[in-house]
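What follows is a set of notes on a single structure, which appears directly below.
The values are calculated or read from the model by the stated rules, or taken from the named source; none is laboratory data. The shown structure was predicted, so the numbers you read here are calculated from the model rather than taken from an experiment. Don't worry about glycine lacking a Cβ; one is built from the backbone with ideal geometry, like all the others, and counts go over all protein chains shown. These area figures cover heavy atoms from the full protein model, side chains too; ligands, DNA and RNA do not enter into them. Shrake-Rupley method; radii C 1.70, N 1.55, O 1.52, S 1.80 Å.
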Amino acid sequence: MDSHLILKIIHMTFGSLALISFLIRAALLFRAPQNQPAKAGRIVLVALQHLSFTVLVLTGMVLLYQNQFVVQPWFYGKIILFVVILSATIKAFGKRDMSLAQRKAGAFVAAIAFAGLLTLVVLKPDFSGNVASQQNAQSVAVVPQIQPIQQNQLTAMTVIQSATH
Ligand code: HEM
């Protein structure tokens, strides 16, 4: 397996772990705000979250380097959403004195940003406005429909030609 694929697998694994640790903490915040996990449980969750975000950034940087920093426009959206996730997560679970409503609002914003980031990563939408690449994509879809028609027309023309000569 090449190093790019291995890094991508590590990146995606820690992306999943970041999501799982966020979902557990958010569920605890919404369902049992007065009944937070014991210190050991909280340390495990916080450590998992910190480790996931750190590994995501480090592997993401190396992947970027391996791709020679060539990115699609949607990638900038991913980075903005990642920064939103980080700051909203700090608001939701940070040590600063926050009301429960503020913490819930932070968790809600982080959840929306997570959903947006995952949508971008899965759909990889083409924001480049590059008409040629969009037309290419369309013509790839259209070609199989056109070919049989052209072949039929060619056969019909051959029949007409041989009938007239
Ligand atoms: C919660 C945060 C993140 C999640 C869930 C996430 C998830 C993913 C996933 C699933 C892929 C594979 C996409 C595919 O090829 O189909 C990917 C690729 C990539 N990610 Fe992330 N990512 C996150 C944060 C970051 C950050 C912060 C960076 C940059 C510092 C980054 C840089 C990259 C790069 C460069 C690739 C492309 C690898 C390639 O196809 O060559 N990611 N990410």
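How high is the FRET efficiency from Q102 to I79, r the C-beta distance, R0 22 Å, rounded to 0.05?
For Q102 and I79, the calculated efficiency is 0.30.
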J(HN,Hα) series, the range 109-123, from Karplus relation 6.51 cos²θ - 1.76 cosθ + 1.60, nearest Hz, glycine and proline x: 4, 4, 5, 5, 5, 4, 4, x, 4, 5, 4, 4, 5, 7, 7
Probe 1.4 Å, all protein chains present, accessible-area order of T119, T59, largest first: T119, T59
The range 1-139 shape via C-alpha gyration tensor axes, a/c threshold 1.5: prolate
Inter-centroid distance (Cα atoms) of the range 1-16 relative to the range 20-48, Å: 26
Gain upon complete extension [I20, N130; 0.36 nm per residue less C-alpha separation]: 36.0 nm
Set of the range 53-68 residues, backbone N closer than 14 Å to the point 7 Å along the Cα-Cβ line of I10: 53-66
Solvent-accessible area of F75 with every protein chain in place, 1.4 Å probe, in Å² to the nearest 10: 40
